[in-house]
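Since the structure comes first, as structure tokens, the remarks are kept for the end.
Derivation of every value follows stated rules applied to the coordinates shown; laboratory data play no part. It should be emphasised that the depicted structure is a prediction, and the values quoted were computed from it without experimental measurement. Glycine also receives a Cβ, built like all others from the backbone with ideal geometry; neighbour counts cover every protein chain displayed.
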Amino acid sequence: MSATGLAGRRVLLGVTGGIAAYKAAELVRRLGDAGAQVRVVLTENAARFVTPLTFQALSGNPVRTCLWDESAEAAMGHIELARWAEDILVAPASADFLARLAHGLAGDLLTTLCLASAAPLHVAPAMNQQMWANAATQANLALLRSRGVGVFGPAAGSQACGEVGAGRLLEPDDLVAALAATRQLRRLAGRHVLISAGPTYEDIDPVRFLGNRSSGRMGFAIAAAAAEAGADVTLVAGPVHLATPAGVNRIDVRSAREMHAAVMAAAKRADAYVAAAAVGDFRPLEIAAQKIKKQGDGGMTLQLTQNPDILADVAALPRRPLLIGFAAETEHVEAHARAKLERKGLDLIAANQVGGGLGFESEDNSLTLIGADGVTPLPTASKRELARQLVAVVAERLLRRDAERGAGRA
Ligand code: C5P
């Protein structure tokens, strides 16, 4: 793969203590060949394997190893260094470093920089195959992945310790290609993407509400994928139990009217709005101030009124974003979705079957993207993977819209 996309890129290379640290010296050269500006930070243990002087000579920049070095801090403080970085790559990343990173420790310069920087973080693990396979290491990796940290490798093969298995550092050329690939995926850089997710709760009284079974997972996965693709992401979330994806600006709401207000405020500067929330269509006409009591043996009637249609209101904005709606249906999925696409004046609708273990509460999903110009099926996959595919379609549509507007002006 070509390493274009790294030209002029400011890459902070972190090197941790493992025998594979010697390969990081070659990596500095390869990153330089790809046009990146490289600054290197070694952990104290890394400096036992390769000297700072080696990296200084190869990168052409001073190398730092310690948080408490007064002269280095005077030249470029650690916060400045964290801000300087456009990408952080830690290669090799030891099991100990991954554990500290997963738990947010900041006891040395490199972990402090990782916490203090908003730059995309990538790690290339390298360790003995048994350490790699250990449940603790795998759990740390899973946690880091769930926060959006990119994991490159490891490769399998013979190891410096004489064992054979997974845990070898990827070769420098492969690491450069992997880093370059993340740049090519950043197709939404400079775009603002607004996403609504989860259910809405419509209060009946102080203890009861009308809600629905949306978990918010699909919308959160789209927010994560959009952030990965470099977008500035605003996520308006109904009441859900999900962690905020890395780099996403989250606004929590409860009712449809609160969601309406938050979405309308953000929609004015959005390039695309993905309406993945399951918004309650109705709310009680009045919210009782006190818990409603049973009245004898009789039933009770709840009077409902309609909520605003958020998508329709965004569609009516003078400078409307690209609009992607969701149609969760239990039957006649495609026909209902098509009708909704036209009625709401959307650019795309993502239709899916819900009920029977699919859709709302499951990890997997499948979607059919329907636009005026055709249908794209996205077959069953994890919500994360589907979200990436959906985001790729959104990026493509935005480019097409820009081209059409450009042609319109010409
Ligand atoms: O008409 P229906 O509610 O099935 O439409 C679903 C789509 O419309 C979803 O994208 C949902 O987020 C959006 N919606 C909305 N405001 C509502 C109801 C639904 O934006 N009040």
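General remarks:
- Spin-label pair Q306/A155, simplified geometry with 7 Å Cα→Cβ offset, distance in nm: 6.2
- Share antiparallel - DSSP beta bridges, the range 4-184, percent rounded to 5: 20
- With K and R counted +1 and D and E -1, the other residues having a Cβ less than 10 Å from that of A270 yield a net charge of +3.
- By other beta-carbon atoms within 10 Å, ranking D108, D173 with the fewest at the front produces D173, D108.
- Positive minus negative residues near A75 (Lys, Arg vs Asp, Glu; Cβ under 12 Å): -2
- Lysine pair count for the chain with Cα-Cα distance under 28 Å and sequence separation of 8 or more or different chains is 5.
- Amide H contacts of S255 (H built 1.01 Å from N, under 5 Å, at least 5 apart or other chain): Y201
- For the chain, a Gaussian network of Cα nodes joined below 10 Å ranks C161, C114, C66 by mean-square fluctuation, and the top entry is C161.
- Applying 1/(1 + (r/R0)^6) with R0 = 35 Å to the Cβ-Cβ distance of C66 and V164 gives a FRET efficiency near 0.45.
- Footprinting exposure proxy ranking of I349, I292, I204, fewest other C-beta atoms within 10 angstrom first, gives I292, I204, I349.
- Considering only T330, T200, T234, the mean-square fluctuation computed in a Gaussian network model of the chain, springs between alpha carbons under 10 angstrom, is largest for T330.
- Computed Rg/Rh of the range 364-410, alpha carbon atoms with Kirkwood Rh: 1.13
- Remark: relative contact order (the range 4-184) = 23 percent; criterion is Cα-Cα distance under 8 angstrom and separation of 6 or more residues.
- Gain upon complete extension [T380, Q295; 0.36 nm per residue less C-alpha separation]: 25.7 nm
- What the Cβ-Cβ distance of A7 and E331 gives, at R0 = 45 Å and to the nearest 0.05, is a FRET efficiency of 0.30.
- For the range 1-138, the square roots of the Cα gyration tensor eigenvalues, ordered a ≥ b ≥ c, give a/c below 1.5, which places it in the rounded category.
- Across the chain, the mean sequence separation of Cα contacts (distance under 8 Å, 6 or more residues apart), normalised by length, yields a relative contact order of 11 percent.
- Using bins of 20 Å that start at zero, the share of Cα-Cα pairs per bin across the chain amounts to 24, 46, 26, 4, 0, in whole %.
- Net charge, R30 excluded, C-beta distance under 12 Å - Lys, Arg +1, Asp, Glu -1: -3
- With Cα atoms defining each centre, the range 196-270 and the range 291-321 are spaced 17 Å apart in the structure.
- Residues of the range 150-168 with amide N under 13 Å of the 7 Å Cα→Cβ point at Q138: 166
- Choice from M300, M259, M127 with maximal GNM fluctuation in the chain (Cα, 10 Å cutoff): M300
- For A166, residues with placed amide H under 5 Å, excluding near neighbours: G157
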